[in-house]
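Student: Pasting a structure below so you can have a look.
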Amino acid sequence: MTTFWLVALSGLLGLAVGSFLNVCIYRLPLDQSLAFPASHCTSCNRKLSWFENVPVLAWLVLRGRCRTCGAGISVVYPLVELFTGAMFTWAAWRYGPGWLLISRLLFGCMLIVLFFIDLRHRILPNVITVGGTIVGFILSFVTPPGWASSLIGLVIGGLIPLLLAEAYLRLRKMEGLGMGDVKMLALIGAFLGWQLVLLTLAVASILGSLVGLGLIMTRRGDLKLALPFGTFLAVAAMFAAAAGEPIVQWYMGFYR
Ligand SMILES: [Zn+2]
């Protein structure tokens, strides 16, 4: 029964945190403060009343429109809240209370914000990538993968992609990986360790190639269209954090 309440409370907390992540996604790329001004309609600037800040429900009640000016409110807002709530629910059930739960939730929140900011603006803010790398390394002293794997992970995450980026630049005469992607890989390495950051890089590359091919075949893009790699890295890192461990065990089994 205690587990039930922990999971339920975590889910509710997740909905509220999702609402804050929306603020980060919207304001970080614009260099705006996260705290001031209070939430307002981005169209008419009216300050939102308390019930308009209730996650998911407010959007449903308002049917996705501002009460005053009628401007549409993107469905992305309630979706981010719902997804964050689901992630908190799942993680509380999967990990139980402790440092690992805190570590994975912080990491998941960073990935959600990076996913959307890279998709919309093609940037990965340093405050999350570099700041998060430091937080991930510190947390690795009390959680898996341990500080040694975390340290190797953040070096591999930073170094290998740097070499790949250099090779890509010489072969294609264009930038494939930006420095933001490299810093994001260091972040993933710091939180998940060296094995899972390599898995993340592999999964993200496959995902990116498949989506790229799909876009070319439907003639909506060409070979030079730069896809936001950080967006694919975020999806791949979520997968690696949730399901990567058995895959690594299976793979390492070949070398025994
Ligand atoms: Zn409005």
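The values are calculated or read from the model by the stated rules, or taken from the named source; none is laboratory data. Fair warning: this is a prediction, and the values are worked out from it, not measured in the lab. A quick note on method: Cβ atoms are made from the backbone with ideal geometry, for glycine too, and the neighbour counts reach across all protein chains shown. The protein model used for the area step is the full one, side chains on, heavy atoms only, and it has no ligands, DNA or RNA in it. Shrake-Rupley method; radii C 1.70, N 1.55, O 1.52, S 1.80 Å.
Student: Ranked by accessible surface with a 1.4 Å probe, highest first, in what order do Leu124, Leu171, Leu213 come?
Tutor: Leu171, Leu213, Leu124
Student: On a 0 to 90 degree scale, rounded to 10, what angle separates helix 194-217 from the longest Cα axis of the chain?
Tutor: On a 0 to 90 degree scale, this one is about 70.
Student: Put +1 on the Cβ of every Lys and Arg and -1 on every Asp and Glu Cβ in the stretch 107-254; which of Leu207, Gly132, Ala186 then has its Cα farthest towards the positive end of the dipole?
Tutor: Leu207
Student: Here is a follow-up. Tell me, what is the per residue accessible area of the chain in Å², probe radius 1.4 Å?
Tutor: So the chain comes to 57 Å² accessible per residue, rounded to a whole number.
Student: When the solvent-accessible surface of protein heavy atoms is calculated with a 1.4 angstrom probe, in what order do Lys47, Lys173, Lys183 fall, highest first?
Tutor: Largest to smallest exposure gives the sequence Lys173, Lys47, Lys183.
Student: Specify the angular offset, from 0 to 90 degrees and rounded to the nearest 10, of the alpha carbon long axis of helix 179-192 from the longest principal axis of the alpha carbons in the chain.
Tutor: On a 0 to 90 degree scale, this one is about 90.
Student: Normalising by the residue count of the stretch 88-223, find the relative contact order in percent from Cα pairs under 8 Å and 6+ residues apart.
Tutor: It comes to 24 percent, rounded to a whole number.
Student: Share of the stretch 31-183's accessible area from carbon and sulfur, percent, 1.4 Å?
Tutor: 70
Student: Projecting each Cα onto the charge dipole of the chain (Lys/Arg +1, Asp/Glu -1 at the beta carbon, about the Cα centre), which of Leu227, Cys24, Ser43 comes out farthest on the positive side?
Tutor: Farthest towards the positive end: Ser43.
Student: Given a 1.4 Å probe and heavy atoms of the protein chains only, how would you sort Met252, Met87, Met217, largest accessible area at the top?
Tutor: Listed by decreasing accessible area, they come as Met217, Met252, Met87.
Student: Can you give the accessible area of Met110 in Å² (nearest 10), computed on protein heavy atoms with a 1.4 Å probe?
Tutor: Its heavy atoms expose roughly 30 Å² to the probe.
Student: Under the rule of -39500 (n - 2.57) per DSSP H run of 4 or more residues, summed and divided by the residues of the chain, what mean residue ellipticity at 222 nm is obtained, to the nearest 500 deg cm²/dmol?
Tutor: For the chain, the value works out to -23500 deg cm²/dmol.
Student: Taking the Cα centre of the chain as origin, work out the dipole magnitude from +1 charges on Lys and Arg Cβ and -1 charges on Asp and Glu Cβ, in debye rounded to 20.
Tutor: 560
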